[in-house]
Every structure is written in structure tokens, then in C-alpha cells.
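The values are calculated or read from the model by the stated rules, or taken from the named source; none is laboratory data. The structure displayed is predicted, hence computed values, not measured ones. When we count neighbours, we look across all protein chains shown, and the Cβ atoms used for this are built from the backbone with ideal geometry, even at glycine.
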Amino acid sequence: MATGMRHDGRRAGELRPVSITTGYVPTADGSCLMQMGQTRVICTASVTEGVPDWLAGAGRGWVTAEYGMLPASTGKRKGRPVGRLDGRSAEIQRIIGRVLRSAVDMRRIGEVTIYLDCDVLTADGGTRTAAITGAWVAMAQAMARRRLPARALGPPVAAVSVGIVAGRAVLDLDYREDADAEVDLNVAMTAGGRYVDIQGTGEGAPFDDAQLAAMLRLARSGVRKLIAAQRKAAKAIQ
């Protein structure tokens, strides 16, 4: 696989087909169905009065996230968490919240909390990056509907996976590629091209500076395209 097309016919630097359907959950303040290939995530945003106790009286808001996979999202039924999230889901929702907080001026929104709920309908790799990308759109819709100050929402942030598969840097790994990857990297960036979060692991082999640079170049290209899709979706809800 060092040259030529990937198993699904994509080039090394090609995203899977991307679709963002806004207003997917009409009862939510903001929502979308985020699709990247066969990965589909419902993202909703809810604005509530008040903040966590440790922030009360500080005059600033908060953004937090929850993430979960529906039982049939992977084909084989996944049990619902009872009482406590599994470690993977807990880690992912912390990442989603951390990344999306970077897009909001907390002092401008005042003492309100924005809850972002990301529920995976079908999982074929890249669920956390799809959740981050879709959550920004849901949050933008919620902030507009609830008439929070327009300047409180910064430029889009989006995320994408990259990796080394069969010795080659590739963009937006599906499940098959993720399972075979020597290196797996998830990158969240702003519209201005600055990094918000990078997570990388040499799962099958260590990686060097040149491979890291190649993956980051692909990530930057992929995020630019995702942000264009976010902006198009945001225009549709205004």
C-alpha cells in the first residue's frame, strides 16, 4: 500500500465523503448529523442557566461534553454504560469539551453552561474527530437560537485523524485502516491553522520527525476542508 489507492479507492490525502445535516434533532437548541463515510454521529447542544459550583459568581460560562456509542453502532451490540463510563468514552468526552471550549469566549456568554452531547450511530473509525467537528456546528446553532453574543463564538475548530498505514501517511482513517495502522494521530485545529489538541501513538512502530511532519501536513489539509463544510452548514442555520 506504499503507492496507489487505498482499499476504498481514496488517495492518501483524501477525506471520506463529508455531510453535515443541521437541525437534525428539532427539540435541541442546536443539532446536526455529522457523517464521514460510514461514521455517523448525532451532535446536540443545549444551553442552560448556571454553571458548575466552582465557577459560580465568576461571571463566566462553561462548555462541557458527553460522548457515547449506541449499542448497535459497531454491528456487534455494545452494552450501555451503567453507573460509570468506560475509560475510552470518558477520555473522548473530556477531549471534545476541551477542544470546543477553545472556540468560546466564556466571559461573553455569562453564567450559562453549554452541554454538547455526541452519540455515535455508526462507527467506522474517526468517531471522536467527527464528534468534535459536528459539535462546533451544533454549538453555533444553539448560541444563535439562544441569542448569546455573536462575538462569543470564535472561528470554527475541527478535527481529523491521520496515520501511518503500510508505511505511508494517510488522512481520515476508517476502521480497517485504524486497526492496521502503525501510527494513529488525531489532530484538532482552528480555522486559523493553529493546533488545539494532538494525540498520537506509535501503536505498531515508533515514528520519526519526517513521518510526523507528513501526517500534520495531511491533517492541516483535511481540517481546512472540514472547516469549509462547517461554515457552509453554519450559513444554513443563520
Exercise. Could you tell me whether ARG128 is surrounded by 21 or more Cβ atoms within 10 Å (Cβ to Cβ) and under 26 Å from SER46 (Cβ atoms)?
Key: yes
Quiz item: Quick one: in region 78-122, which of the residues that are small (Gly, Ala, Ser) and out of contact with any helix residue (DSSP H, G or I) (no Cβ under 7 Å at 6 or more places or on another chain) is modelled with the lowest pLDDT?
Solution: GLY83
Practice problem: For region 171-187, state whether one or more residues are within 23 Å of PRO17 (Cβ to Cβ) and among the small types (Gly, Ala, Ser). | Solution: yes
Practice problem: Out of the residues in region 41-72 that are under 25 Å from PRO26 (Cβ atoms) and among the β-branched types (Val, Ile, Thr), state the one that is nearest to the chain's Cα centre (by Cα). | Solution: VAL41
Quiz prompt | Only one of ALA234, ALA229, ALA150 that is at pLDDT below 95, among the aliphatic types (A, V, I, L, M) and within 17 Å of the chain's Cα centre (by Cα) | solution = ALA234
Self-check item: Residue count, region 182-214 (criterion: surrounded by 19 or more Cβ atoms within 10 Å (Cβ to Cβ) and closer than 18 Å to ILE95 by Cβ)
Solution: 7
Self-check item: Residues within region 131-155 that are within 27 Å of ILE198 (Cβ to Cβ), surrounded by fewer than 24 Cβ atoms within 10 Å (Cβ to Cβ) and not hydrophobic (A, V, I, L, M, F, W, C), tallied
Solution: 2
Quiz item: When you go through (1) more than 13 Å from VAL104 (Cβ to Cβ); (2) under 12 Å from the mean Cα position of the chain (by Cα) one by one for ASP124, which number turns out not to apply?
Solution: (2)
Exercise. Looking at (1) more than 19 Å from the chain's Cα centre (by Cα); (2) without any contact (Cβ under 8 Å) to a residue 40 or more places away in the chain; (3) closer than 20 Å to VAL63 by Cα, find the lone condition where MET189 falls short.
Key: (1)
Quiz item: Which numbered condition trips up VAL104, out of (1) over 15 Å from ALA142 (Cβ atoms); (2) of a type in the set (A, V, I, L, M, F, W, C); (3) without any contact (Cβ under 8 Å) to a residue 60 or more places away in the chain?
Solution: (1)
Quiz item: Can you name every residue in region 192-211 that is in a loop (DSSP other than H, G, I, E, B), hydrophobic (A, V, I, L, M, F, W, C) and at pLDDT 95 or above?
Solution: PHE207
Quiz item: strands (runs of 3 or more DSSP E) wholly in region 14-54 with at least 1 residues that are of a type in the set (Asp, Glu) and either surrounded by fewer than 18 Cβ atoms within 10 Å (Cβ to Cβ) or touching a helix residue (DSSP H, G or I) at 6+ places or on another chain (Cβ under 9 Å) (or both) - which ones?
Solution: 39-49
